[in-house]
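The values are calculated or read from the model by the stated rules, or taken from the named source; none is laboratory data. Model, not experiment: these values are computed from the prediction. Ideal geometry is used to build each Cβ from the backbone, glycine not excepted, and the neighbour counts take in all protein chains shown.
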Amino acid sequence: MKEWYNKINKAINIDALEEVRIALFGKRGLLATEFAKMKDVPNEQKAQFAKDLNAHKQNLMNEFTAKKIALETEALKEAMKAEAIDVSMFSTSSSAGALHPVMETMDRIVEYFSSMNFAVKTGKMVEDDFHNFEALNLPKYHPARDMQDTFYFKDEMLLRTHTSPVQIRTMLEMKPPIRMIAPGAVFRRDYDLTHTPMFHQIEGLLVDEVGKVSFANLKFILEDFLKYMFSDVAVRFRPSFFPFTEPSAEVDISCVFCKGEGCRVCSHTGWLEVLGCGIVDPNVFEAVNYKDVSGYAFGLGVERFAMLIHQIGDLRSLFEGDIKLLEQFQ
Amino acid sequence: MIVTRSWLQEWIDLEGISMEDIAKTFNAIGLEVDRICEYRVPKKIVFGKILECEKHPDADKLNVCKVDIGSAIRQIVCGASNVRAGLIVAVATIGAKMPNGMAIKPVKLRGVDSEGMICSSSELGLPDIGSGIMELDSSIGAFKLGQQINQNPLFNDDLIEIELTANRGDCLSIRGVARDLSAAFYRPIKEYRVTDNDEKRGIGRMLSLVHEKGLDVNLRYKALDLKELRLPFIVKLRLAQIEEIGSYDVESMMLYVTHSTGVVLKAYRHNFFTHDEKMGKVILGKDEHGFISIKNEQKEIASIVGVIQKEESKMEEGSGTVVLEASYIPPDIVSKKMAESKIKSGPIFYKTSRGSEPKLEAGLSYCIDLIKKYSNSTTFSGTVELSKTFKEKIVTVIKQEIDEIIGAEIDKSVIAKIFKNLGFDTSKSSIDNFVITVPQFRHDIVNKQDIIEEIVRMVGIDNIPSKPFLLQEANRLKDDYSAYKKRSVYRQKAAQSGFFESVHFVFDEKKVLESYGFKTTKNELELLNPIVQTLDTLRPTLLTGLLKAASQNVKNGYASVKLFEIGSVFSPTREEMLKAVFLFSGERESESLNNTGKPAKIDFAYFVQKIADITGDIVLREDTTEHKLSHIYQCAVVVQNGEVIGELFRVHPEVEKAYDLDVTFMCELDFDKLSYESKTVQKRSKYQASFRDLSLIMPKDMSYEKVKETIEASQIPNLVRFYPVDKYTDETLGENMSLSVRFVLQSTAKTLEEEEITDVMETILGELGSKLGIGLR
């Protein structure tokens, strides 16, 4: 019997073990043969003989099962090894496309203001002189018109130079209170490293009863907004001039590149100009026939924000559909 | 607007205030600092006087000078063309280190010892004031020979360039800027004392003024006999600093005084107005455009007030009789005229259209004193003038309004002080009301919010608290937020499907668009002033922009280009519409193990799948496009929910070639027609679905559309959906093809029995046989 224990243990694979199993436990196998001998055993010894033989059978069975599990585990391991791959070859980049950085920045800004209860209003790009200039306290001879070189059409219509006409149209259409932003493309006749004939603006307007809207309110929302956009920055207000607001201010943030130390981007001032704002000029309210109201307004260039957030150097590259640039936003 | 510290010092005492504080204050009061530039002449540069100047024995262009530098007399070799005995100069002595890094040492120049260098302005890091060494004079103030020149404020100075907003014409002069600083620093402004220049001869005998009535202008004339005018050093240096220069010395003087005082000044030669050298006649009147012109008796124009001075009337010489004119015209009048009829303007228009200084006599006196100081001129007594009184502007503001608009309480005494320093009269105010008389030089102040702005900038926005606006819920506006959101959702989907978002200008080239068959903006509605010829019309399509971008990307080495844009296009009547366009060119994906380095090219089925992943279910119908960009046999209209929403096509091979593109597909959709409704859930069957395929033999040129329409029209019960899965052709089929269509059958009531399924399939075959004459193989 001893040799059969060896045979089980020496089986080198599942097939060899199966041969051993047939030889041992098969119909004509060793154990069957041994049990057949039972009839020749004297009666008084029969019990002992059966007992011994059953003990062997049990032990051989245990040995066999243990060996079978060991061999199967081994075989699975081998099979898996054969399936091994070099994972490092599969490092991969995204095959998704990407949103345009300017549009994505616009989304972020719109998200902030709509969560602050500002309605979103869009308008047409082709505008008339009244909505783009006159109603905004920019009469024909106003020197500030120089600041906005305008695209005109042969029929005296024009491409809007800012999204402010949307505010005028909204005021003419609705009654106060008004809280709105106007995101969209605007146009100025300028083309160089820092100017493109088309760019995007978001302008905001809040109008309520007289005495309710103050410069302090304007300061609050813009400080909050700029912290939302740029997280940890200092915000500075500088008095400035816009025909449609009075008092007016320009808003700077501490330079996001040098943390206010002074660098090339901020012309060594430590500050970056990002916004224009002010209290709505009474002439604007007069143009839309609003009485006894007060309000604030602000405006920003989306490209400027996108360029600061993503550290993009060349404005013109934003309008070329250049995958080299765009794939970096995957 | 450029100011320097030393120049400001002439109008306000800035002693003890650092340049940093001045710059910070400028920003705080709304005069934005654009540039700061330091002029620091190094040590060991001293005042010297050239005693002798002789030709170098061995060099034509060199001179050997004896220079008195106070403590000693030095021999210095100098190559400047203007060097001569008697000049006061800046001498770099031994040991001086020049701004360019050069150290001054004793040297031999062509065998002659030279101990130092006589300097030009640019060698000292100052602006270039013309060729040669600096010729210093008494205009810089007192000095001693041998004294370091950087002890003089002019040579240890700071320059600030201010970016002025269009309303602040009052700050277009040193005096005006000083006035604003005076309010910010609470220091008084130094007014120029008008001196009486009266001489024996009166101006009345040599100049008379003839004018129409009712001209909105102030003019004031003085005359003098100019003799040997020398442009003083300080004028030369400062004009170089402010980057201005007159054609003639007299004109340079005028520019200098205008920049200093804000009064617009012109100098005319007297004989422009006279033919007998005695009595000159200045004729003032409106020209055909309504501008006020100044002419002589021959009707030759000398100048147009506030706009330009003609070259012919200018004083060219430093000697001779000259007529000086100070003028003021209200800025709104001159800029309104200019907007009505554009005429040629000179540099003064920038000043007059923004508001020049209306106090003429101060500027004129300043000018005459300066000229007399640097020449041997004599003046004529008296003035010839035309003065119109402009109406005083009075603005009344209630204290409460100020506080409400600012959002903080500002002390009354602070407000009063601010206006006093700004030159506003508040003497008529009562307890609750500020009654403010606006000075004429602040034409930009017309209403109470203008007044409040002055308070805000002087108090400082930093000192105003931030307060949240207290919201009272009112009905929201009908807003465009959901349209914005729809656009944003589709953009995200497109990006997720592998397309890159691009943004192009709404301009395109008319000629190219028309050559491809697009209808562009009608001629009478066309752009008047396009920026370049290649962007001369509004785009009627997004297709061409994306083709151009794709072409550029291929040139940059991309074998697979996937782009999209959602943007506005314009109809011939300039109606604005929103479109979405997709372009897929070349390889489906980048090379990788996945595709054994050989990615398949884009094809029709793959492209349509990409588009449907973005748009949701779409149906394609064979069609052609109006434009010529499409492949005529791979072109479809896109239908969604029974409505045509756009077109989808392979790009015409010729166009692919023209743009250097590999096989390219495009799809342009009317964005507004894309669905954005919430989906409604259909009743779902809980019983098993069965699938059956039919291989139909049908003519090759029969459109699947027909098969589809026929089956749909039959409204067969329990047929849930069907779709083609295989197309097969071989010679035995001849003009026919075999098309396998898979049918999905399902009942909401029970699992279908085999016979029921067979019945349905029989019905389908029956319909196809009777309506289209096609059937099984």
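General observations
- Taken over the stretch B:535-552, the criterion of being facing another protein chain (nearest Cβ under 9 Å) and in a helix (DSSP H, G or I) is satisfied by B:Leu535, B:Gly545, B:Leu546, B:Lys548, B:Ala549, B:Ala550, B:Gln552.
One line per residue, one yes/no per condition, for (1) part of a strand (DSSP E or B); (2) modelled with pLDDT under 90:
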| position | (1), (2) |
| --- | --- |
| B:Pro599 | no, no |
| B:Tyr606 | no, no |
| B:Lys610 | no, no |
| B:Val637 | yes, no |
| B:Glu647 | yes, no |
| B:Glu654 | no, no |
| B:Thr680 | no, yes |
| B:Ser685 | no, yes |
| B:Asp693 | yes, no |
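- Of all residues in the stretch B:255-280, those being touching a Lys or Arg at 6+ places or on another chain (Cβ under 9 Å) and either of a type in the set (D, E, K, R) or at negative phi (or both) number 16.
- The stretch B:13-33, subset at the interface with another protein chain (Cβ under 8 Å from one of its Cβ atoms) and assigned to a loop (DSSP other than H, G, I, E, B), residue farthest from the chain's Cα centre (by Cα): B:Ile29
- A:Asp155 fulfils the conditions (1) without any contact (Cβ under 8 Å) to a residue 24 or more places away in the chain; (2) facing chain B (nearest Cβ under 7 Å); (3) closer than 22 Å to B:Leu470 by Cβ except for a single criterion, (3).
- Any chance B:Lys55 is loosely packed, with under 15 Cβ neighbours inside 10 Å, assigned by TED's automatic domain parsing to the domain that holds B:Ser122, under 30 Å from B:Ile160 (Cβ atoms) and not small (Gly, Ala, Ser): no
- Flag for B:Gly130 being out of contact with any strand residue (DSSP E or B) (no Cβ under 6 Å at 6 or more places or on another chain) and either assigned to a loop (DSSP other than H, G, I, E, B) or in the same structural domain as B:Asp249 (by TED's automatic domain parsing) (or both): yes
- Residue within the stretch A:136-147 that is under 29 Å from B:Lys562 (Cβ atoms), away from every other protein chain (no Cβ under 11 Å) and surrounded by 22 or more Cβ atoms within 10 Å (Cβ to Cβ) present: no
- Exactly one residue out of A:Thr170, A:Thr92, A:Thr73 is at negative phi and more than 8 Å from chain B (Cβ to nearest Cβ): that is A:Thr73.
- Some residue of the stretch A:230-243 being away from chain B (no Cβ under 13 Å), among the hydroxyl-bearing types (Ser, Thr, Tyr) and either within 25 Å of the chain's Cα centre (by Cα) or over 26 Å from B:Gly407 (Cα atoms) (or both): yes
Residue-wise test of (1) in contact (Cβ under 8 Å) with a residue 60 or more places away in the chain; (2) assigned to a loop (DSSP other than H, G, I, E, B); (3) buried (at least 16 other Cβ atoms within 10 Å of the Cβ); (4) among the aliphatic types (A, V, I, L, M).
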site	(1), (2), (3), (4)
B:Lys344	no, yes, no, no
B:Lys351	yes, no, yes, no
B:Ile368	yes, no, yes, yes
B:Asn376	yes, yes, no, no
B:Glu404	no, no, yes, no
B:Ser413	no, no, no, no
B:Ser427	no, yes, no, no
B:Ile431	no, yes, no, yes
B:Ile436	no, no, yes, yes
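- Residue within the stretch B:34-47 that is modelled with pLDDT under 95, of a type outside the set (Phe, Trp, Tyr), buried (at least 18 other Cβ atoms within 10 Å of the Cβ) and assigned to a helix (DSSP H, G or I) present: no
- Within the stretch B:475-497, the set of residues being more than 8 Å from every other protein chain (Cβ to nearest Cβ) and touching a residue at least 40 places away in the same chain (Cβ under 8 Å) comprises B:Ser482, B:Lys486, B:Arg487, B:Val489, B:Tyr490, B:Lys493.
- Residue within the stretch B:280-297 that is under 25 Å from A:Asn137 (Cα atoms), modelled with pLDDT of 90 or more and not aliphatic (A, V, I, L, M) present: yes
- Residue-level check: of (1) in contact (Cβ under 8 Å) with a residue 40 or more places away in the chain; (2) buried (at least 17 other Cβ atoms within 10 Å of the Cβ), B:Ser630 misses just (1).
- Of all residues making up the stretch B:498-534, the number that are more than 7 Å from chain A (Cβ to nearest Cβ), over 30 Å from the mean Cα position of the chain (by Cα) and in a loop (DSSP other than H, G, I, E, B): 4
- Positions within the stretch B:319-350 being in contact with a Gly (Cβ under 7 Å, 6 or more places away or on another chain) and within 12 Å of chain A (Cβ to nearest Cβ), in sequence order: B:Pro331, B:Val334, B:Lys337, B:Phe349
- Residues that are in contact with a Phe, Trp or Tyr (Cβ under 9 Å, 6 or more places away or on another chain), more than 9 Å from chain B (Cβ to nearest Cβ) and of a type in the set (Val, Ile, Thr), drawn from the stretch A:180-226: A:Ile181, A:Val186, A:Ile202, A:Val207
Listed here are the residues, each with its yes/no results for (1) free of Cβ contacts under 8 Å to residues at least 60 places away in the same chain; (2) more than 30 Å from A:Thr150 (Cβ to Cβ); (3) crowded, with 18+ Cβ neighbours inside 10 Å; (4) out of contact with any strand residue (DSSP E or B) (no Cβ under 9 Å at 6 or more places or on another chain).
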residue: B:Val532; (1), (2), (3), (4): yes, no, no, no
residue: B:Tyr558; (1), (2), (3), (4): yes, yes, yes, no
residue: B:Met577; (1), (2), (3), (4): no, no, no, no
residue: B:Ser585; (1), (2), (3), (4): no, yes, yes, no
residue: B:Ser592; (1), (2), (3), (4): yes, yes, no, yes
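- Count of residues meeting criterion [under 25 Å from B:Leu87 (Cβ atoms) and acidic (Asp, Glu)] in the stretch B:206-243: 1
- Selection status of A:Val166, touching a strand residue (DSSP E or B) at 6+ places or on another chain (Cβ under 8 Å) and either surrounded by fewer than 21 Cβ atoms within 10 Å (Cβ to Cβ) or farther than 19 Å from B:Asp480 by Cα (or both): no
- Only one of B:Gly246, B:Gly306, B:Gly262 that is touching a Phe, Trp or Tyr at 6+ places or on another chain (Cβ under 9 Å), without any contact (Cβ under 8 Å) to a residue 40 or more places away in the chain and within 30 Å of B:Ile189 (Cβ to Cβ): B:Gly246
- Cβ pairs under 7 Å, 6+ apart, first in the stretch B:192-207 and exposed (fewer than 13 other Cβ atoms within 10 Å of the Cβ), second at pLDDT 85 or above and outside any loop (DSSP other than H, G, I, E, B): B:Thr195/B:Ser365; B:Thr195/B:Asp369
- Looking only at the stretch B:722-760, and only at residues there that are free of Cβ contacts under 8 Å to residues at least 12 places away in the same chain and closer than 18 Å to B:Ile711 by Cα, the one that is surrounded by the fewest Cβ atoms within 10 Å (Cβ to Cβ): B:Thr758
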